[in-house]
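Down below is the structure, laid out as structure tokens.
Read-outs: derived from the displayed coordinates by stated rules, not from any lab. Being a predicted model, the structure only gives us computed values, none of them experimental. Cβ: placed from backbone, ideal geometry, glycine included. Neighbour counts: every protein chain shown.
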Amino acid sequence: MQLSAESFNDLRSAMDLHRGPASGHSRKIPIAPVLLRKSPTLSALLGEFTPQGMQLTLPESFQTGEKIVAEFPSRSQPVVNLLCTIGTVERLPDGQWSYTCEFICTISASHASDAAEIHRISASMLDW
């Protein structure tokens, strides 16, 4: 999924991210693993942010293909929840983990922690 230009600009503006090359935005965002084998909500450092996905850094380890829900501030609504798939995984020298994440779709707050709903969405997209 690619965010529309309007949605992308709304999120970027709400997070006070500046235009330009990916320079590491250093903004913390809450994320929630879909399979709650970890803490229900984690704080991730947002790096590159594009209409297709983002780069995150955090101390928790995830596997390629795992699903997370990232919560973003928005100017047009209270928050925007994006269901994402973990892409590449890299262990950093400081012990943190770096991830690329691809956006799958927006998901309502009421479904953001519903693993069955997220599985249904993912299965319908043939990527589960």
To the nearest 0.05, the calculated FRET efficiency linking residue 63 and residue 13 through their beta-carbon distance, R0 being 35 Å, is 0.60
Residue separation times 0.36 nm, minus the C-alpha to C-alpha distance between residue 28 and residue 91: what's the value? 20.8 nm
